[in-house]
Ligand code: 6PG
């Protein structure tokens, strides 16, 4: 009794893999799942000498764990999290720690944090990235909650996290819902980069008519350049996969609409609330929604015609240009997400350290990429950096590559290929580097039709004009 270091509620894919990861690192771990079969099979999966126990009874489970108890919930976001907390509460004591390891909506985390604080129980919202494999062999973890209570969790989390140059991809991020917020924005960036990759693929396939083999080779080769990243790497592998039954490339047999669980949408919705511009992530959410309009798109394809052919191009030149454009756009996506975190940290008093965020995103998570080390160094040079585009090294690199994204977009426009992520990356960059935007005209129009008043460049105060 009370001899287990850590408990996990929910022995689905993520729960059981994290638990086995902990067992590999010599922690004694207990699992709770109402499904008897899941509980039993977990104990069988444990290796000789590992202390792994599973039960279907909440009271027994809580009684197994060393005090102050550390218990992580890995159940679907929403009501199941409240249900799991409710089932544990009668047996928990002051000082115990409950960690929600799912993709919970951050205001829910704040509510639970406050509710449990009244009972002197510490609540953590912790984003976990890396999917099934990450959970088993090293995820990136984004915990937020009470700083002192984190010390109880630290040895376990640092042991099981992915490592980059020996440094664990986990750190205490901030108070309240900081962890869930950072994971939400991680997912927003994930949406943006996946959209960008799909556009590059579309341009190569539909626009230039390159063979599937050539496109696959291109992504595989890109992964050996400064574009090195998990999402580019798996794209090469996805494109190389053949269907066992038909012998065709599997990707060509997959329907062209994608579902979404909501984290991308939340990122955009909250960015609007905070007035944090993230146009590529917004576009990525929108393009997934466009993908679902399949019957309309099929009809429109017959009516709204444009010749999609580009002829007379030098293949290797265009691929190089696209590679440079991709780098440019990718940096702009991270820039938008990280800038949103900076704004959110102030708005919600999270106290985020962006250097640490970049550090723990370098490994284990879905958006891990070589460029994260550059961002980490940029925030190391200037912790107050409002936007990584203002870092001289990163900014100069983008300035030198901008001609390529301009050319790539022109090509896509000629070919009639939608490249909303590329376009919004460039529009963001061009807006950000404009010391004077045309918003003076918008101020004037608002005052014209609604007497909303305007501010002037030559005098202090607010003004209204009788325009007509
Ligand atoms: C991760 C992933 C993970 C999940 C996404 C999928 O970091 O491991 O982001 O959290 O795969 O939630 O999101 P959508 O279903 O919205 O595409």
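Of note:
- Computed from the Cβ-Cβ distance with R0 of 41 Å, the FRET efficiency linking residue 468 to residue 435 stands at 0.85.
- Once the mean of 1/r is taken over each pair of separate Cα atoms and inverted, the chain shows a Kirkwood hydrodynamic radius of 24.4 Å.
- Difference of contour (0.36 nm per residue) and Cα-Cα distance, residue 294 to residue 237: 17.9 nm
- For the stretch 389-448, dividing the convex hull volume of the Cα atoms by the residue count gives 111 Å³ per residue.
- Against the chain, whose longest principal axis is taken from its Cα atoms, helix 106-117 shows a tilt of about 30°.
- Rounded to the nearest 10 degrees, the angle from helix 147-160 to the longest Cα principal axis of the chain is 90 degrees.
- Relative contact order (%) - the chain, alpha-carbon pairs under 8 angstrom, separation at least six: 13
- Within the stretch 320-351, backbone nitrogen closer than 16 Å to the virtual label 7 Å beyond the Cα of residue 226 toward Cβ: 320-335
- Note on the stretch 1-136: along the principal axes its Cα atoms extend 41, 32, 25 Å, ordered by decreasing extent.
- Separation of alpha-carbon centers, the stretch 407-437 and the stretch 1-47, rounded to whole Å: 49
- The relative contact order of the stretch 170-298, computed from alpha carbon pairs under 8 Å that lie at least 6 residues apart in sequence, is 28 percent.
- Rg over Rh for the stretch 144-231 works out to 1.17, both radii taken from alpha-carbon positions and Rh defined as the Kirkwood radius.
- The share of Cα pairs per 10 Å bin across the stretch 324-440, counted from zero up to the longest distance, runs 13, 40, 34, 12, 1 percent.
- Largest to smallest principal axis extent of the C-alpha atoms in the stretch 1-69, angstrom: 26, 26, 18
- The gain in end-to-end length when the residue 165 to residue 118 segment is fully stretched comes to 12.9 nm, 0.36 nm per residue minus the alpha carbon separation.
- For the stretch 192-277, fraction of C-alpha pairs farther apart than 17 Å, in %: 58
- Compared with the dominant principal axis of the Cα atoms in the chain, helix 13-24 is inclined by about 60°.
- Separation of alpha-carbon centers, the stretch 153-204 and the stretch 205-232, rounded to whole Å: 23
- Mean Cα-pair separation over length for the stretch 1-144, i.e. relative contact order, pairs under 8 Å, 6 or more apart, %: 23
- Centroid-to-centroid separation of the stretch 299-373 and the stretch 263-298 [C-alpha atoms, Å]: 14
- Pairwise label distance in nanometres, residue 40 with residue 254, each label 7 Å out on the Cα-Cβ vector: 3.6
- Of all DSSP-defined beta bridges confined to the stretch 111-231, some 80% are antiparallel rather than parallel.
- The chain: antiparallel DSSP beta bridges as a percent of all, rounded to 5: 30
- Compared with the direct C-alpha span, the chain from residue 317 to residue 442 gains 40.9 nm at full extension, assuming 0.36 nm per residue.
Values in this text are rule-based calculations from the coordinates and carry no lab data. Small disclaimer: the values here were computed from a predicted structure and weren't measured. Counting neighbours? That spans all protein chains shown, and the Cβs are built from the backbone with ideal geometry, glycine included.
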